[in-house]
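Some notes on the structure that comes next.
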Amino acid sequence: MQIGFGFWPSKTLLAAVKLNLFTFLAEKGKSSGGQIKKYFGFQCTDRNVYDFLDTLTSFGFLQREGVLETSLYSNAADTNIFLDKKKPSYIGGLLEMANNRLYPFWGDLEEGLATGHPQNEAKNGGSDLFAVLYESPERLKEFVHAMSGIQMGNFMTFGQKFDFSNYKTLTDAGGAGAMLSIMVAKHQPHMQCTSFDLGAVNAVAKENISHWGVIERVKTFDGDFFKDALPAADVVVMGNILHDWDEKKKIELMNKAYNALPEGGAFVTIENIIDDDRRKNAFGLMMSLNMLIETGTGFDYTFKDFTGWAKEVGFKNTSIMPLLGPASAAIAIK
Ligand SMILES: C[S@@+](CC[C@H](N)C(=O)[O-])C[C@H]1O[C@@H](n2cnc3c(N)ncnc32)[C@H](O)[C@@H]1O
């Protein structure tokens, strides 16, 4: 039942994020239900407002003193760090995208299974996911910031844990907002990084690179990874790239990475790698279903799948490094 009604808590949180409730509370501090109702212009009853806020309280997103008319609401400590849009630690971008795009698209999961066709903007014969996303500058920014927010912890962990001692250069293919390159540059002062992506995306990456003060060691490179060679580097990373594509294209991209590396160079994918037995990493499995919704042909994969493809491409050996939560780095050495 909890899973069956999972859309109730999901939509309650997504609505709060979309309304910027947590950003409002971070700025105003303790607020009554009446003040919140007035600020957001809710036309529903006071009771509806209390129900919404108390649900968020019961989940631990909000704290409350008093009850109903005497209640004062404020953000819980973690909500204040991660869901206040004005803080650099904000990770709500992906939740905004989940609300605006994925929530309605997942309503058509049955149709996706029945037809094998994407259920997103491209559903009615439109272009591929990225062309559709990048048609509108607002959608592009929302998507790039969503990626950055949710991956930040993984990129930070990778920047700290991976052994860069034998390497000097890194190319991040499909680097979006360049946050992986920025995190590696911050934690590994000897590394020079290049974030490779489509030109429109790199405009956002450039803003981030300058914001983080690493323009000397993080560059952008405009390119199309299906048409252009990747800039040569000791380490080539693909974060959440391979899962967008079918098996043939996955191997084509791994070949591109192989060609950009020297002997001993490392190819790294950062994804929600599914456990080999396909029983435990439910998030990775659902991410794979999300690829049906978004691309039709993309899918997430196990470390065993990755090793098989890496061997086919010519890599010598592979290993896996757990990152945060359901995510890992799968590594192949040339
Ligand atoms: C799912 S996002 C992953 C972003 C980032 N690496 C991460 O882990 O959060 C996929 C990225 O691949 C980029 N991309 C898609 N098609 C591309 C292409 N043909 N050439 C270069 N980049 C592409 C997109 O612009 C986007 O930034």
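Points to keep in mind about this one:
- Computed E for Thr45/Lys86 - FRET, C-beta separation, R0 30 angstrom, nearest 0.05: 0.50
- Euclidean distance between Cα centres, segment 261-298 to segment 52-103, Å: 29 Å
- Segment 198-233 and segment 312-329 have Cα centres spaced 24 Å apart.
- The modelled label-to-label distance between Leu289 and Tyr103, using points 7 Å beyond Cα along the C-beta direction, is 1.8 nm.
- Taking 29 Å as the limit for the C-alpha separation, the pairs Lys249/Lys280; Lys11/Lys227; Lys249/Lys304; Lys206/Lys248; Lys186/Lys304; Lys11/Lys206 exceed it in the case of Lys11/Lys227; Lys206/Lys248; Lys186/Lys304; Lys11/Lys206.
- Here each label is just a point 7 Å from Cα along the line to Cβ, and for Lys249 and Lys168 those points are 3.5 nm apart.
- For segment 7-82, a crude dipole built from +1 on the beta carbon of Lys and Arg and -1 on the beta carbon of Asp and Glu, taken about the Cα centre, is about 200 debye to the nearest 20.
- About its Cα centre, the dipole of segment 194-334 is roughly 260 debye, where the only charges are +1 on Lys and Arg Cβ and -1 on Asp and Glu Cβ.
- For the pair Trp8 and Met321, the difference between a 0.36 nm per residue extended length and the Cα-Cα distance amounts to 109.2 nm.
- Note on Ala203 and Lys280: their simple-model spin labels are 4.4 nm apart, each label 7 Å out from Cα toward Cβ.
- Remark: the Phe59-Leu72 segment gains 3.0 nm on full extension, using 0.36 nm per residue and subtracting the alpha carbon distance.
- Evaluated with a Cβ-only charge set (Lys, Arg +1; Asp, Glu -1), the chain carries a dipole of roughly 700 debye about its Cα centre, given to the nearest 20.
- Classified by the C-alpha gyration tensor, segment 252-307 has an oblate form. Its axis ratio a/c, with a ≥ b ≥ c, is 1.5 or above, and a/b does not exceed b/c.
- Considering only Thr115, Gly92, Leu133, and ranking their Cα positions along the charge dipole of segment 70-134 that arises from unit charges at the beta-carbon of Lys, Arg, Asp and Glu, the one farthest toward the positive end is Gly92.
- Using the Cβ-Cβ distance between Glu312 and Ile215 with R0 = 35 Å, the FRET efficiency computed as 1/(1 + (r/R0)^6) comes to roughly 0.35.
- Shape category assigned to segment 7-82 from the gyration tensor of Cα positions, a/c cut at 1.5: rounded
- Toward the positive end of the charge dipole of the chain, with +1 on the Cβ of Lys and Arg and -1 on the Cβ of Asp and Glu, the farthest Cα among Thr318, Phe283, Phe82 is that of Phe82.
We did not get these values from a lab; they are worked out from the coordinates using the rules stated. The model shown is predicted, which means the values in this text are computed figures rather than measured ones. Every residue, glycine as well, gets a Cβ built from its backbone with ideal geometry; the counts of neighbours run over all protein chains shown.
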